[in-house]
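Each reported figure results from applying straightforward, stated rules to the coordinates on display, with no laboratory input. What you are looking at is a predicted structure, and each value in this text was computed from that prediction instead of being measured. Here Cβ is always computed from backbone atoms with ideal geometry, including for glycine, and neighbour counts include all displayed protein chains.
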Ligand SMILES: [Zn+2]
């Protein structure tokens, strides 16, 4: 049975976090570790979804994993958080519906803050108390995007500590079998407050490995995307010797070192026509999309600004000047 954990704050409002905890031989109530000697078996892995309320892949992934891991987990403990933003799920909104803020830029939250900050605090408190060895946060990107894993930047760490933690993240990310993308360079990573995303805060505050997996379109429980992420999580758990078997690459995996960034911006207003598929290998200068008038005239050919591939095209059929037409995976080095 799912277990609900409440943290009543002084306003009397109690954000709720639903957790499904799995240990070998089934689903058990596993209390969070508050320093007691009766901690769950290690390693401890957290899988979370739906912090963006319109991104439902993680909900399906957690529910599928709950059924599957009851029978297949051979070691360790897995805590599943199907929805970190249940009101957003109900109302189909990315952000916290009452305050119109992005919960995934508020970690670790505030005990006495706004409702959104208190919800984030409840999530952070609950996850922290389980002392995870790895946190995987599942998101959805856009229709047609390739599935991928994002690795955060450990900007709060220095030298060897930072290198060791980021290398461990890359090792685990590769075990997912998906294409691995590094986050934005440090300065923008911090400016965009990505160190206050769930995975950014786990990496920088807990100093524990964390991965973001992006798969499927928003707003629907996409079957193939759910399957892809379940396969990816299985690979990561196998690499931690928590499951039998070995990680295997996904059919879309692009081996290599990549960094995500905004793609080229449209210079003209018009209809956006993709000229390549997400994941196609591109050289700098190659055309990846056209902007056309409704009469069919080609107003602009949008070209790759470096070697790499389109991760996902923007979710719109009409663009105006200045709009990035895609997210791009740039080759690193
Ligand atoms: Zn998201």
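With a Förster radius of 41 Å applied to the C-beta separation of residue 87 and residue 28, the computed FRET efficiency comes to 0.90. Reported to the nearest whole Å, the Cα centre-to-centre distance from the stretch 96-139 to the stretch 156-185 is 22. Sorting 221, 242 from the fewest to the most surrounding beta carbons within 10 angstrom yields 221, 242. The C-alpha atoms of the chain define a longest principal axis, and helix 115-129 lies at about 60 degrees to it. Between 0 and 90 degrees, the angle of helix 159-175 with respect to the longest Cα principal axis of the chain falls at about 80 degrees. Taking the alpha-carbon centroid of each part, what is the distance from the stretch 190-213 to the stretch 62-86 in angstrom? So the separation of the two Cα centres works out to 21 Å. Each of 79, 227, 250, 112 has some number of other Cβ atoms within 10 Å of its Cβ, and from fewest to most they run 112, 227, 250, 79. Pairwise alpha-carbon distances in the stretch 12-158 exceed 19 Å for 55% of all pairs. Two numbers describe the Cα atoms of the stretch 109-267: Rg and Dmax, which are 16.1, 52 Å. In the chain, helices alone account for a calculated mean residue ellipticity at 222 nm of -7500 deg cm²/dmol, with every DSSP H run of four or more residues adding -39,500 (n - 2.57). What percentages, rounded to whole numbers, describe P(r) for the chain computed over all alpha carbon pairs with 10 Å bin width beginning at zero? Histogram of Cα-Cα distances, whole percents per bin: 6, 25, 34, 23, 9, 3, 0, 0.
Residues within the reach of a label modelled at residue 299 (point 7 angstrom out along Cα to beta-carbon, backbone nitrogen below 12 Å), restricted to the stretch 259-287, are 266-273.
With a 10 Å radius around each residue's Cβ, average the other Cβ atoms per peptide and rank 323-333, 186-196, 201-211, highest first.
Output ranking for 323-333, 186-196, 201-211: 201-211, 323-333, 186-196.
Size of the stretch 147-222 from its Cα atoms: along the principal axes, largest to smallest, the extents are 40, 27, 20 Å. Taking the C-alpha atoms only, the angle from helix 57-72 to the longest principal axis of the chain is near 50 degrees.
Across all C-alpha atoms in the stretch 260-331, the radius of gyration and Dmax reach 11.1, 36 Å.
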